[in-house]
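Worksheet: one structure, shown below.
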Amino acid sequence: MRLQSQIPTRFASSIAGMLGVWLLHLLWSGGLLAATPAEGCPNILFILVDDLGWSDLACYGHQWHDTPHLDRLAGEGLRFTNAYAAAPICSASRASIMTGKTTARTNFEFVTKDKPGRQQIDAPTLLRAPPFTLDLPLQELTVAERLAALGYQTAFFGKWHLNAHFGGYLGWSPTHGPAQQGFEFTKQDFGNHPYAWRGGNRPDPIEANGVFADDSMVQGVVEYLEAEHKQPFFACVSSFYVHTPVQTPLTWLVNKYDAKIPAEVPQRKQRIAYAAFLETLDHHLGQVLEAVERSGQRDSTLVVLMSDNGGHPEYTANGPLRGSKWNLYEGGIRVPMLVRWPGHVDGGKTSCEPVIGYDLLPTFVDIAGGAADDVDGVSLKEHLRNASSLEPRKLIWHFPYYHPEKGYAQSPDSIGVDDFETSRTHPHSAMRQGDFKLLQFYEQDATELYDVVHDIAEQDDLSSRFPSRAAEMKAQLQAELVEMQARFPTPTHSLDAVD
(Lines give C-alpha, C1' and ligand atoms only; values in the text may rest on other atoms or scores of the structure.)
Protein backbone atom coordinates (compact mmCIF):
# COMPACT_ATOMS: atom_id res chain seq x y z
CA MET A 1 0.00 0.00 0.00
CA ARG A 2 2.81 2.37 0.84
CA LEU A 3 4.50 1.77 -2.49
CA GLN A 4 1.25 2.28 -4.36
CA SER A 5 0.56 5.55 -2.55
CA GLN A 6 3.91 6.88 -3.72
CA ILE A 7 3.04 6.41 -7.39
CA PRO A 8 1.63 9.61 -8.93
CA THR A 9 -2.01 9.13 -9.98
CA ARG A 10 -1.29 10.12 -13.59
CA PHE A 11 1.14 7.19 -13.90
CA ALA A 12 -0.82 4.54 -12.02
CA SER A 13 -3.24 3.71 -14.82
CA SER A 14 -0.46 3.50 -17.43
CA ILE A 15 1.59 1.17 -15.23
CA ALA A 16 -1.45 -1.03 -14.67
CA GLY A 17 -2.09 -1.07 -18.38
CA MET A 18 1.50 -2.05 -19.14
CA LEU A 19 1.33 -4.90 -16.63
CA GLY A 20 -1.95 -6.05 -18.15
CA VAL A 21 -0.49 -6.11 -21.66
CA TRP A 22 2.59 -7.95 -20.40
CA LEU A 23 0.49 -10.57 -18.61
CA LEU A 24 -1.77 -11.05 -21.64
CA HIS A 25 1.26 -11.44 -23.90
CA LEU A 26 2.77 -13.99 -21.52
CA LEU A 27 -0.43 -16.03 -21.46
CA TRP A 28 -0.85 -15.98 -25.24
CA SER A 29 2.78 -16.68 -26.11
CA GLY A 30 2.97 -19.43 -23.49
CA GLY A 31 -0.07 -21.15 -24.93
CA LEU A 32 -2.07 -20.80 -21.71
CA LEU A 33 -4.91 -19.17 -23.62
CA ALA A 34 -4.69 -21.63 -26.49
CA ALA A 35 -7.90 -23.21 -27.65
CA THR A 36 -8.86 -25.81 -30.20
CA PRO A 37 -10.10 -23.96 -33.30
CA ALA A 38 -13.82 -24.13 -33.87
CA GLU A 39 -14.84 -26.82 -36.34
CA GLY A 40 -14.57 -25.55 -39.88
CA CYS A 41 -12.07 -22.75 -39.22
CA PRO A 42 -10.43 -21.99 -42.56
CA ASN A 43 -6.82 -21.72 -43.51
CA ILE A 44 -5.88 -18.06 -43.92
CA LEU A 45 -3.63 -17.03 -46.79
CA PHE A 46 -2.72 -13.36 -46.56
CA ILE A 47 -0.94 -11.88 -49.57
CA LEU A 48 0.68 -8.49 -48.97
CA VAL A 49 1.86 -6.66 -52.09
CA ASP A 50 4.44 -3.86 -51.95
CA ASP A 51 3.55 -0.46 -53.49
CA LEU A 52 0.61 -1.67 -55.59
CA GLY A 53 -1.54 1.32 -56.55
CA TRP A 54 -5.31 1.40 -56.15
CA SER A 55 -6.03 1.55 -59.89
CA ASP A 56 -3.16 -0.69 -61.09
CA LEU A 57 -5.10 -3.93 -61.64
CA ALA A 58 -7.32 -4.55 -64.64
CA CYS A 59 -10.17 -5.47 -62.27
CA TYR A 60 -9.90 -1.93 -60.87
CA GLY A 61 -10.19 -0.48 -64.35
CA HIS A 62 -6.62 -0.15 -65.63
CA GLN A 63 -6.69 0.10 -69.39
CA TRP A 64 -3.51 -1.75 -70.36
CA HIS A 65 -2.17 -3.75 -67.39
CA ASP A 66 -2.78 -7.47 -67.83
CA THR A 67 -3.45 -9.11 -64.45
CA PRO A 68 -5.54 -12.22 -65.26
CA HIS A 69 -4.87 -14.17 -62.08
CA LEU A 70 -5.77 -11.33 -59.72
CA ASP A 71 -8.76 -10.44 -61.90
CA ARG A 72 -9.95 -14.03 -61.48
CA LEU A 73 -9.47 -13.74 -57.71
CA ALA A 74 -11.64 -10.61 -57.74
CA GLY A 75 -14.28 -12.39 -59.79
CA GLU A 76 -14.38 -15.27 -57.32
CA GLY A 77 -14.64 -13.05 -54.27
CA LEU A 78 -15.18 -9.56 -52.92
CA ARG A 79 -13.44 -6.46 -54.28
CA PHE A 80 -13.12 -3.46 -51.96
CA THR A 81 -13.14 0.04 -53.45
CA ASN A 82 -12.59 1.91 -50.17
CA ALA A 83 -9.84 -0.18 -48.60
CA TYR A 84 -6.99 1.72 -46.99
CA ALA A 85 -3.45 1.02 -45.92
CA ALA A 86 -2.81 2.19 -42.38
CA ALA A 87 0.15 4.28 -43.54
CA PRO A 88 1.55 5.70 -46.77
CA ILE A 89 4.84 3.92 -46.21
CA CYS A 90 6.04 0.36 -45.79
CA SER A 91 7.20 -0.43 -42.23
CA ALA A 92 4.49 1.63 -40.57
CA SER A 93 1.74 -0.06 -42.57
CA ARG A 94 3.11 -3.52 -41.80
CA ALA A 95 3.43 -2.80 -38.08
CA SER A 96 -0.22 -1.79 -38.07
CA ILE A 97 -1.31 -4.96 -39.87
CA MET A 98 0.68 -7.16 -37.48
CA THR A 99 -0.71 -5.51 -34.34
CA GLY A 100 -4.19 -4.34 -35.32
CA LYS A 101 -3.25 -0.89 -34.07
CA THR A 102 -2.83 2.52 -35.66
CA THR A 103 0.67 3.76 -36.36
CA ALA A 104 0.01 6.51 -33.81
CA ARG A 105 -0.47 3.91 -31.08
CA THR A 106 2.49 1.74 -32.08
CA ASN A 107 4.77 4.80 -32.53
CA PHE A 108 5.99 3.08 -35.69
CA GLU A 109 5.13 5.74 -38.28
CA PHE A 110 8.04 5.62 -40.76
CA VAL A 111 10.39 3.05 -42.30
CA THR A 112 12.92 1.23 -40.22
CA LYS A 113 16.63 2.04 -40.59
CA ASP A 114 19.95 0.35 -39.94
CA LYS A 115 20.68 2.46 -36.86
CA PRO A 116 18.85 4.81 -34.49
CA GLY A 117 18.67 8.54 -35.08
CA ARG A 118 16.56 11.26 -36.66
CA GLN A 119 15.87 12.48 -40.15
CA GLN A 120 18.58 14.47 -41.88
CA ILE A 121 16.76 16.66 -44.39
CA ASP A 122 18.77 18.55 -47.03
CA ALA A 123 16.82 21.79 -46.49
CA PRO A 124 15.66 23.78 -43.45
CA THR A 125 12.42 22.56 -41.91
CA LEU A 126 10.06 24.18 -39.43
CA LEU A 127 9.62 20.99 -37.44
CA ARG A 128 11.69 18.04 -36.30
CA ALA A 129 10.26 14.55 -36.72
CA PRO A 130 10.35 12.00 -33.89
CA PRO A 131 13.31 9.61 -33.59
CA PHE A 132 13.23 6.54 -35.82
CA THR A 133 11.55 3.40 -34.55
CA LEU A 134 13.70 0.47 -35.61
CA ASP A 135 11.97 -2.68 -34.35
CA LEU A 136 8.44 -3.83 -33.77
CA PRO A 137 8.51 -4.29 -29.97
CA LEU A 138 8.40 -7.90 -28.82
CA GLN A 139 5.72 -7.06 -26.27
CA GLU A 140 3.29 -6.34 -29.08
CA LEU A 141 0.89 -9.24 -29.53
CA THR A 142 0.97 -9.99 -33.25
CA VAL A 143 -1.66 -11.61 -35.43
CA ALA A 144 0.62 -14.66 -35.72
CA GLU A 145 0.86 -15.05 -31.95
CA ARG A 146 -2.89 -14.73 -31.53
CA LEU A 147 -3.64 -17.28 -34.25
CA ALA A 148 -0.99 -19.69 -32.97
CA ALA A 149 -2.72 -19.57 -29.58
CA LEU A 150 -5.94 -20.57 -31.36
CA GLY A 151 -4.29 -23.66 -32.82
CA TYR A 152 -3.08 -22.32 -36.16
CA GLN A 153 0.26 -23.13 -37.71
CA THR A 154 1.89 -19.86 -38.79
CA ALA A 155 4.25 -19.20 -41.69
CA PHE A 156 5.92 -16.13 -43.15
CA PHE A 157 7.57 -15.65 -46.54
CA GLY A 158 9.20 -12.57 -48.06
CA LYS A 159 9.49 -8.97 -46.95
CA TRP A 160 9.37 -8.36 -43.18
CA HIS A 161 10.75 -4.79 -42.84
CA LEU A 162 9.87 -4.56 -39.14
CA ASN A 163 13.35 -4.67 -37.67
CA ALA A 164 16.56 -2.70 -38.04
CA HIS A 165 18.29 -3.94 -41.20
CA PHE A 166 20.47 -6.89 -40.23
CA GLY A 167 23.38 -7.94 -42.42
CA GLY A 168 22.19 -5.68 -45.22
CA TYR A 169 19.07 -3.95 -46.46
CA LEU A 170 15.87 -5.76 -45.39
CA GLY A 171 17.78 -8.45 -43.52
CA TRP A 172 15.81 -10.19 -40.78
CA SER A 173 16.93 -9.62 -37.22
CA PRO A 174 17.73 -12.70 -35.09
CA THR A 175 15.98 -10.96 -32.18
CA HIS A 176 13.05 -9.15 -33.88
CA GLY A 177 12.36 -11.09 -37.06
CA PRO A 178 9.23 -13.09 -37.94
CA ALA A 179 10.34 -16.09 -35.88
CA GLN A 180 10.42 -13.91 -32.76
CA GLN A 181 6.98 -12.46 -33.52
CA GLY A 182 4.94 -15.65 -33.60
CA PHE A 183 5.71 -17.26 -36.96
CA GLU A 184 6.64 -20.93 -36.68
CA PHE A 185 7.80 -21.48 -40.25
CA THR A 186 9.79 -18.70 -41.93
CA LYS A 187 11.76 -18.31 -45.11
CA GLN A 188 13.94 -15.30 -45.90
CA ASP A 189 14.37 -15.14 -49.66
CA PHE A 190 14.36 -12.32 -52.24
CA GLY A 191 13.27 -14.72 -54.98
CA ASN A 192 13.84 -13.24 -58.44
CA HIS A 193 13.17 -9.65 -57.38
CA PRO A 194 16.04 -7.28 -58.33
CA TYR A 195 16.99 -7.18 -54.64
CA ALA A 196 18.53 -10.61 -55.32
CA TRP A 197 20.71 -9.29 -58.12
CA ARG A 198 23.23 -7.53 -55.93
CA GLY A 199 26.81 -8.55 -56.38
CA GLY A 200 26.58 -9.10 -60.13
CA ASN A 201 23.83 -11.73 -60.08
CA ARG A 202 21.69 -10.12 -62.77
CA PRO A 203 19.95 -12.86 -64.80
CA ASP A 204 20.25 -13.26 -68.55
CA PRO A 205 17.49 -11.76 -70.72
CA ILE A 206 14.47 -13.96 -71.45
CA GLU A 207 13.11 -13.38 -74.95
CA ALA A 208 10.77 -16.36 -75.42
CA ASN A 209 7.14 -15.29 -75.19
CA GLY A 210 5.31 -16.47 -72.11
CA VAL A 211 8.42 -17.60 -70.25
CA PHE A 212 8.95 -16.26 -66.72
CA ALA A 213 12.00 -16.61 -64.50
CA ASP A 214 11.75 -19.07 -61.63
CA ASP A 215 11.25 -17.48 -58.22
CA SER A 216 12.64 -19.39 -55.24
CA MET A 217 10.52 -17.48 -52.72
CA VAL A 218 7.33 -18.31 -54.60
CA GLN A 219 8.43 -21.92 -54.94
CA GLY A 220 8.86 -22.08 -51.18
CA VAL A 221 5.31 -20.80 -50.73
CA VAL A 222 3.99 -23.36 -53.24
CA GLU A 223 5.74 -26.21 -51.43
CA TYR A 224 4.34 -25.06 -48.10
CA LEU A 225 0.78 -24.80 -49.41
CA GLU A 226 0.91 -28.21 -51.09
CA ALA A 227 2.32 -29.95 -48.01
CA GLU A 228 0.07 -31.86 -45.62
CA HIS A 229 -1.19 -29.75 -42.71
CA LYS A 230 -2.68 -31.34 -39.60
CA GLN A 231 -4.00 -28.01 -38.38
CA PRO A 232 -5.28 -24.88 -40.09
CA PHE A 233 -2.54 -22.51 -41.21
CA PHE A 234 -2.02 -18.78 -41.36
CA ALA A 235 0.45 -18.07 -44.16
CA CYS A 236 1.64 -14.54 -44.80
CA VAL A 237 3.09 -14.15 -48.30
CA SER A 238 4.76 -10.74 -48.36
CA SER A 239 5.87 -10.02 -51.92
CA PHE A 240 8.79 -7.75 -52.79
CA TYR A 241 6.95 -6.80 -55.97
CA VAL A 242 6.22 -4.15 -57.23
CA HIS A 243 8.71 -2.17 -55.14
CA THR A 244 11.66 -0.50 -56.85
CA PRO A 245 14.04 -1.19 -58.47
CA VAL A 246 11.60 -1.77 -61.31
CA GLN A 247 13.75 -3.93 -63.56
CA THR A 248 13.07 -7.16 -65.40
CA PRO A 249 14.98 -9.64 -67.59
CA LEU A 250 11.75 -10.43 -69.46
CA THR A 251 12.45 -8.59 -72.67
CA TRP A 252 9.42 -10.20 -74.35
CA LEU A 253 7.18 -8.67 -71.73
CA VAL A 254 8.79 -5.25 -72.06
CA ASN A 255 8.30 -5.47 -75.84
CA LYS A 256 4.66 -6.39 -75.31
CA TYR A 257 3.95 -3.22 -73.34
CA ASP A 258 6.12 -1.08 -75.59
CA ALA A 259 3.70 -2.02 -78.37
CA LYS A 260 0.64 -1.66 -76.18
CA ILE A 261 1.13 1.61 -74.28
CA PRO A 262 0.29 4.75 -76.29
CA ALA A 263 3.21 6.89 -77.47
CA GLU A 264 1.88 10.08 -75.86
CA VAL A 265 1.67 8.63 -72.34
CA PRO A 266 3.79 10.60 -69.84
CA GLN A 267 6.66 8.79 -68.09
CA ARG A 268 6.27 6.14 -70.77
CA LYS A 269 9.59 4.30 -70.34
CA GLN A 270 9.06 3.82 -66.61
CA ARG A 271 5.45 2.77 -67.10
CA ILE A 272 6.41 0.14 -69.68
CA ALA A 273 8.88 -1.37 -67.21
CA TYR A 274 6.30 -1.16 -64.43
CA ALA A 275 3.61 -2.89 -66.50
CA ALA A 276 6.00 -5.79 -67.17
CA PHE A 277 6.90 -5.87 -63.47
CA LEU A 278 3.23 -5.96 -62.47
CA GLU A 279 2.38 -8.78 -64.84
CA THR A 280 5.31 -10.72 -63.33
CA LEU A 281 3.74 -10.23 -59.90
CA ASP A 282 0.41 -11.47 -61.25
CA HIS A 283 2.13 -14.56 -62.68
CA HIS A 284 3.79 -15.37 -59.34
CA LEU A 285 0.60 -14.90 -57.36
CA GLY A 286 -1.17 -17.06 -59.92
CA GLN A 287 1.31 -19.83 -59.02
CA VAL A 288 0.45 -19.37 -55.34
CA LEU A 289 -3.29 -19.54 -56.01
CA GLU A 290 -2.86 -22.59 -58.24
CA ALA A 291 -1.01 -24.30 -55.37
CA VAL A 292 -4.07 -23.77 -53.18
CA GLU A 293 -6.16 -25.44 -55.90
CA ARG A 294 -3.79 -28.41 -56.24
CA SER A 295 -3.66 -28.89 -52.48
CA GLY A 296 -7.40 -29.54 -52.41
CA GLN A 297 -7.76 -26.78 -49.82
CA ARG A 298 -9.40 -24.12 -51.98
CA ASP A 299 -12.82 -24.39 -50.37
CA SER A 300 -11.37 -24.27 -46.86
CA THR A 301 -8.96 -21.37 -47.43
CA LEU A 302 -9.67 -17.68 -46.93
CA VAL A 303 -7.50 -15.61 -49.28
CA VAL A 304 -6.95 -11.91 -48.63
CA LEU A 305 -4.82 -9.71 -50.87
CA MET A 306 -3.88 -6.12 -50.04
CA SER A 307 -1.20 -3.52 -50.79
CA ASP A 308 0.88 -1.95 -48.03
CA ASN A 309 0.50 1.58 -49.45
CA GLY A 310 -0.20 3.51 -52.64
CA GLY A 311 1.82 3.40 -55.83
CA HIS A 312 5.25 4.90 -56.48
CA PRO A 313 4.79 8.25 -58.25
CA GLU A 314 7.63 7.74 -60.74
CA TYR A 315 6.21 4.47 -62.11
CA THR A 316 2.46 4.36 -61.80
CA ALA A 317 -0.49 6.67 -62.22
CA ASN A 318 -2.57 6.73 -59.06
CA GLY A 319 -5.34 8.70 -60.72
CA PRO A 320 -8.12 9.43 -60.28
CA LEU A 321 -6.68 9.64 -56.78
CA ARG A 322 -4.51 12.57 -55.71
CA GLY A 323 -1.03 11.94 -54.38
CA SER A 324 0.98 8.74 -54.05
CA LYS A 325 3.07 6.69 -51.70
CA TRP A 326 4.50 8.88 -48.91
CA ASN A 327 1.50 11.17 -48.33
CA LEU A 328 -1.98 10.90 -46.85
CA TYR A 329 -3.96 11.99 -49.88
CA GLU A 330 -6.01 9.11 -51.28
CA GLY A 331 -3.31 8.02 -53.72
CA GLY A 332 -0.97 7.29 -50.84
CA ILE A 333 -3.30 5.18 -48.74
CA ARG A 334 -6.28 3.88 -50.76
CA VAL A 335 -5.30 0.44 -52.03
CA PRO A 336 -6.71 -2.64 -53.75
CA MET A 337 -8.08 -5.36 -51.48
CA LEU A 338 -9.52 -8.69 -52.63
CA VAL A 339 -11.11 -11.41 -50.49
CA ARG A 340 -12.04 -14.95 -51.53
CA TRP A 341 -13.73 -17.28 -49.05
CA PRO A 342 -15.69 -20.06 -50.81
CA GLY A 343 -19.04 -20.78 -49.23
CA HIS A 344 -18.95 -17.56 -47.20
CA VAL A 345 -18.22 -14.71 -49.63
CA ASP A 346 -20.22 -14.40 -52.83
CA GLY A 347 -18.12 -14.09 -55.95
CA GLY A 348 -18.05 -11.07 -58.22
CA LYS A 349 -19.24 -8.65 -55.52
CA THR A 350 -17.97 -5.16 -54.67
CA SER A 351 -17.89 -3.42 -51.29
CA CYS A 352 -17.62 0.34 -50.87
CA GLU A 353 -17.34 0.15 -47.06
CA PRO A 354 -14.25 1.98 -45.72
CA VAL A 355 -11.88 -0.61 -44.21
CA ILE A 356 -8.25 -0.35 -43.18
CA GLY A 357 -5.16 -2.50 -42.65
CA TYR A 358 -5.52 -2.66 -38.88
CA ASP A 359 -8.91 -4.38 -39.37
CA LEU A 360 -7.19 -7.55 -40.59
CA LEU A 361 -5.98 -8.80 -37.20
CA PRO A 362 -9.40 -8.72 -35.49
CA THR A 363 -10.97 -10.18 -38.64
CA PHE A 364 -8.58 -13.13 -38.80
CA VAL A 365 -8.85 -13.78 -35.06
CA ASP A 366 -12.65 -13.65 -35.22
CA ILE A 367 -12.73 -16.08 -38.14
CA ALA A 368 -10.39 -18.38 -36.18
CA GLY A 369 -12.83 -18.50 -33.29
CA GLY A 370 -11.22 -15.93 -31.01
CA ALA A 371 -11.68 -12.28 -30.18
CA ALA A 372 -9.39 -9.25 -30.25
CA ASP A 373 -11.07 -6.41 -28.40
CA ASP A 374 -7.82 -4.70 -27.38
CA VAL A 375 -6.96 -3.28 -30.81
CA ASP A 376 -7.98 -0.33 -32.98
CA GLY A 377 -9.42 -2.34 -35.83
CA VAL A 378 -12.79 -4.06 -36.11
CA SER A 379 -13.68 -7.51 -37.38
CA LEU A 380 -14.98 -7.60 -40.94
CA LYS A 381 -16.21 -11.20 -40.63
CA GLU A 382 -19.93 -10.47 -40.82
CA HIS A 383 -19.45 -7.87 -43.54
CA LEU A 384 -17.60 -10.44 -45.63
CA ARG A 385 -20.29 -13.05 -45.12
CA ASN A 386 -23.44 -11.01 -45.64
CA ALA A 387 -22.33 -7.59 -46.90
CA SER A 388 -23.72 -5.94 -43.77
CA SER A 389 -22.83 -2.29 -43.20
CA LEU A 390 -20.12 -1.49 -40.70
CA GLU A 391 -20.81 0.71 -37.71
CA PRO A 392 -19.82 4.36 -38.29
CA ARG A 393 -16.29 5.01 -37.06
CA LYS A 394 -13.17 7.09 -37.54
CA LEU A 395 -10.18 5.91 -39.57
CA ILE A 396 -6.92 7.45 -38.35
CA TRP A 397 -3.56 8.07 -40.04
CA HIS A 398 -0.51 9.74 -38.51
CA PHE A 399 2.66 10.66 -40.41
CA PRO A 400 4.84 13.08 -38.35
CA TYR A 401 7.77 12.88 -40.81
CA TYR A 402 9.19 14.61 -43.87
CA HIS A 403 9.87 13.02 -47.25
CA PRO A 404 12.02 12.66 -49.29
CA GLU A 405 14.97 12.65 -46.93
CA LYS A 406 17.35 13.14 -49.86
CA GLY A 407 16.30 15.57 -52.55
CA TYR A 408 13.78 17.40 -50.40
CA ALA A 409 15.27 20.76 -51.37
CA GLN A 410 14.64 20.12 -55.08
CA SER A 411 11.25 18.44 -54.74
CA PRO A 412 8.06 20.29 -55.70
CA ASP A 413 5.77 21.41 -52.91
CA SER A 414 2.46 20.76 -54.65
CA ILE A 415 0.87 17.32 -54.78
CA GLY A 416 -1.38 16.64 -57.76
CA VAL A 417 -3.08 13.85 -59.68
CA ASP A 418 -0.81 11.79 -61.94
CA ASP A 419 1.98 14.37 -61.81
CA PHE A 420 4.64 11.61 -61.56
CA GLU A 421 6.52 13.68 -59.00
CA THR A 422 8.02 12.74 -55.66
CA SER A 423 6.63 15.83 -53.97
CA ARG A 424 7.47 17.17 -50.55
CA THR A 425 5.56 15.50 -47.75
CA HIS A 426 5.26 17.54 -44.55
CA PRO A 427 4.31 16.17 -41.11
CA HIS A 428 0.55 15.61 -41.12
CA SER A 429 -2.30 13.42 -39.88
CA ALA A 430 -5.66 12.50 -41.35
CA MET A 431 -9.05 11.16 -40.35
CA ARG A 432 -11.90 9.79 -42.42
CA GLN A 433 -15.39 9.85 -40.93
CA GLY A 434 -18.21 8.85 -43.24
CA ASP A 435 -17.86 10.66 -46.57
CA PHE A 436 -15.49 13.26 -45.18
CA LYS A 437 -11.74 13.24 -44.72
CA LEU A 438 -9.73 15.85 -42.85
CA LEU A 439 -5.99 16.40 -43.19
CA GLN A 440 -4.06 18.37 -40.60
CA PHE A 441 -0.65 19.82 -41.47
CA TYR A 442 1.46 20.63 -38.44
CA GLU A 443 3.86 23.25 -39.78
CA GLN A 444 1.17 25.92 -40.21
CA ASP A 445 -1.56 24.21 -38.18
CA ALA A 446 -3.56 24.12 -41.41
CA THR A 447 -6.45 21.81 -42.27
CA GLU A 448 -8.00 20.57 -45.49
CA LEU A 449 -11.43 18.94 -45.71
CA TYR A 450 -12.70 16.79 -48.57
CA ASP A 451 -15.79 14.79 -49.44
CA VAL A 452 -13.90 11.76 -50.74
CA VAL A 453 -17.06 10.05 -51.99
CA HIS A 454 -18.09 12.83 -54.36
CA ASP A 455 -14.60 14.33 -54.80
CA ILE A 456 -12.37 11.28 -55.03
CA ALA A 457 -9.49 13.38 -56.43
CA GLU A 458 -9.53 15.73 -53.41
CA GLN A 459 -9.67 18.88 -55.49
CA ASP A 460 -12.33 20.86 -53.61
CA ASP A 461 -11.12 21.86 -50.13
CA LEU A 462 -14.28 22.41 -48.05
CA SER A 463 -12.57 23.66 -44.88
CA SER A 464 -13.44 27.34 -45.49
CA ARG A 465 -16.98 26.51 -46.63
CA PHE A 466 -17.70 24.32 -43.62
CA PRO A 467 -15.45 25.69 -40.87
CA SER A 468 -17.52 24.16 -38.04
CA ARG A 469 -17.23 20.66 -39.49
CA ALA A 470 -13.51 21.13 -40.08
CA ALA A 471 -12.95 22.40 -36.54
CA GLU A 472 -14.98 19.56 -35.04
CA MET A 473 -13.14 16.89 -37.01
CA LYS A 474 -9.77 18.46 -36.16
CA ALA A 475 -10.63 18.37 -32.45
CA GLN A 476 -11.74 14.75 -32.74
CA LEU A 477 -8.58 13.80 -34.61
CA GLN A 478 -6.35 15.42 -32.02
CA ALA A 479 -8.27 13.81 -29.16
CA GLU A 480 -7.84 10.40 -30.80
CA LEU A 481 -4.11 10.95 -31.29
CA VAL A 482 -3.60 12.11 -27.72
CA GLU A 483 -5.48 9.07 -26.41
CA MET A 484 -3.22 6.87 -28.54
CA GLN A 485 -0.14 8.61 -27.09
CA ALA A 486 0.96 9.61 -30.56
CA ARG A 487 4.35 11.22 -31.13
CA PHE A 488 4.20 14.68 -32.66
CA PRO A 489 6.82 16.70 -34.54
CA THR A 490 8.46 19.42 -32.48
CA PRO A 491 9.69 22.91 -33.51
CA THR A 492 13.29 23.21 -34.61
CA HIS A 493 15.45 25.75 -32.77
CA SER A 494 15.80 27.86 -35.89
CA LEU A 495 14.90 27.76 -39.56
CA ASP A 496 18.51 26.96 -40.39
CA ALA A 497 18.81 24.08 -37.97
CA VAL A 498 19.02 20.63 -39.46
CA ASP A 499 19.14 17.92 -36.81
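The values are calculated or read from the model by the stated rules, or taken from the named source; none is laboratory data. Here the structure is a predicted model, which is why all the values come from computation and not from measurement. So basically every Cβ, Gly included, is an ideal-geometry build from the backbone, and we count neighbours across all protein chains shown. In case anyone asks, the SASA skips ligands and DNA or RNA and just uses the protein heavy atoms, side chains included. Shrake-Rupley method; radii C 1.70, N 1.55, O 1.52, S 1.80 Å.
Take Thr103 and decide whether it is closer than 23 Å to Leu321 by Cβ, touching a residue at least 24 places away in the same chain (Cβ under 8 Å), touching a strand residue (DSSP E or B) at 6+ places or on another chain (Cβ under 9 Å) and open to solvent by less than 20 Å² (accessible area, probe 1.4 Å). Yes, satisfied. Scanning the stretch 125-158 for residues that are surrounded by fewer than 23 Cβ atoms within 10 Å (Cβ to Cβ), touching a residue at least 40 places away in the same chain (Cβ under 8 Å) and not aliphatic (A, V, I, L, M) yields a total of 9.
Okay, residues lined up against (1) at pLDDT 95 or above; (2) within 20 Å of Pro88 (Cα to Cα); (3) open to solvent by 60 Å² or more (accessible area, probe 1.4 Å); (4) among the aliphatic types (A, V, I, L, M):
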| position | (1), (2), (3), (4) |
| --- | --- |
| Ala430 | yes, yes, no, yes |
| Ala457 | yes, yes, no, yes |
| Ser463 | yes, no, no, no |
| Ser494 | no, no, no, no |
| Ala497 | no, no, no, yes |
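Is it fair to say Gly168 is under 24 Å from Phe108 (Cα atoms), modelled with pLDDT under 95 and more than 19 Å from the chain's Cα centre (by Cα)? Yes: the conditions hold for Gly168. For the stretch 441-473, a residue qualifies if it is touching a His at 6+ places or on another chain (Cβ under 6 Å) and either within 19 Å of Ile396 (Cβ to Cβ) or basic (Lys, Arg) (or both), and exactly one does: Phe441.
The single residue among Ser411, Ser388 that is touching a residue at least 12 places away in the same chain (Cβ under 8 Å) and not aliphatic (A, V, I, L, M) turns out to be Ser411.
Across the stretch 383-413, the number of residues qualifying as under 17 Å from Gly100 (Cβ atoms) and either open to solvent by 20 Å² or more (accessible area, probe 1.4 Å) or among the polar types (S, T, N, Q) (or both) comes to 4.
Flag: Leu305 matches the condition of being surrounded by 18 or more Cβ atoms within 10 Å (Cβ to Cβ), under 20 Å from Phe240 (Cβ atoms) and not hydroxyl-bearing (Ser, Thr, Tyr).
Filtering the stretch 353-376 to residues that are open to solvent by 10 Å² or more (accessible area, probe 1.4 Å) and part of a loop (DSSP other than H, G, I, E, B) leaves Glu353, Pro354, Gly369, Gly370, Ala371, Ala372, Asp373, Asp374, Val375, Asp376. Looking across the stretch 337-352, just one residue is closer than 21 Å to Gln433 by Cα and buried (at least 23 other Cβ atoms within 10 Å of the Cβ), and that is Met337.
Taking the conditions (1) out of contact with any Asp or Glu (no Cβ under 7 Å at 6 or more places or on another chain); (2) closer than 21 Å to Val375 by Cβ; (3) part of a helix (DSSP H, G or I) in turn, Ala92 satisfies each one other than (1). Here Glu293 meets the list (1) under 21 Å from the mean Cα position of the chain (by Cα); (2) under 30 Å from Ala368 (Cα atoms); (3) charged (D, E, K, R) almost entirely, failing just condition (1). Consider only pairs whose beta carbons are under 6 Å apart and that are at least six residues apart or on different chains; among these, list those whose first residue lies in the stretch 462-473 and is part of a loop (DSSP other than H, G, I, E, B) and whose second residue is surrounded by 12 or more Cβ atoms within 10 Å (Cβ to Cβ) and not charged (D, E, K, R). Correct list of pairs: Leu462/Leu449; Ser463/Thr447; Ser463/Leu449; Ser463/Ala470.
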